[in-house]
1. Could you figure out which of (1) in contact with a Leu (Cβ under 9 Å, 6 or more places away or on another chain); (2) in contact (Cβ under 8 Å) with a residue 12 or more places away in the chain; (3) farther than 20 Å from GLY31 by Cα isn't true of GLU61?
2. If SER114 meets every condition in (1) more than 21 Å from ASP135 (Cβ to Cβ); (2) hydroxyl-bearing (Ser, Thr, Tyr); (3) within 16 Å of the chain's Cα centre (by Cα) apart from one, which number is that one?
Amino acid sequence: MVLHRECDFWVKDQDFSVDKAIGRCLPMILGLRKLDDDHARIIALGAEVEALAAAGRPVQEICEKFHELTTFSLKHFSREEVQMESAGDPNIAAHRQEHDEIAGWLRHLESELSEARAGDATVDQAIGFLSEWIDRHLVEFDQPAMEHILRERASREVPVSL
């Protein structure tokens with residue numbers, strides 16, 4: 001196992017490119033430690049799914065890792081939405097809708113993977129979705145949400161008087 005210190009996650013496949021992980025992870029540091037840790041874990045799980053497929057591992061193994069990714073992502077969505085609600089994020093409805101759509105796709109792909117065979121295009125479709133979702137969602141939805149949460153928290157801080 002390789003510890004990826006910049007994102008605090010473990011990569012189980014020795015052939016996985018840590019440089020690739022660094023390139024994908026550093027822009028995802030948004031400033032809220034727990035959610036940043038969640039994002040790093042989602043990236044790591046996606047990378048593990050990709051590495052298993054690239055190594056030609058059995059579809060069952062890929063499906064198990066994909067299930068872990070789906071389960072973790074759904075829990076993350078709930079944690080993220082709680083933070084957004086507490087900060088009064090005006091875009092929470094659109095963000096929640098995006099989470100619902102992603103959850104639907106994750107469940108659909110998980111179901112498709114459970115019926116897939118080696119070499120099936122379903123595995124490639126799942127990996128393509130993961131890469132697009134992670135990159136697009138974090139930039140278009142999560143970054144603005146985290147910026148709002150951080151601004152809201154900063155506005156609540158009481159200045160220290162001397």
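1. Result: GLU61 fails condition (2) only.
2. (3)
Each value in this text was obtained by applying a stated rule to the coordinates, not by laboratory testing. Bear in mind that the values here come from a model prediction, so they are computed numbers and not experimental data. Neighbour counts run over all protein chains shown; Cβ positions are idealised from the backbone, glycine included.
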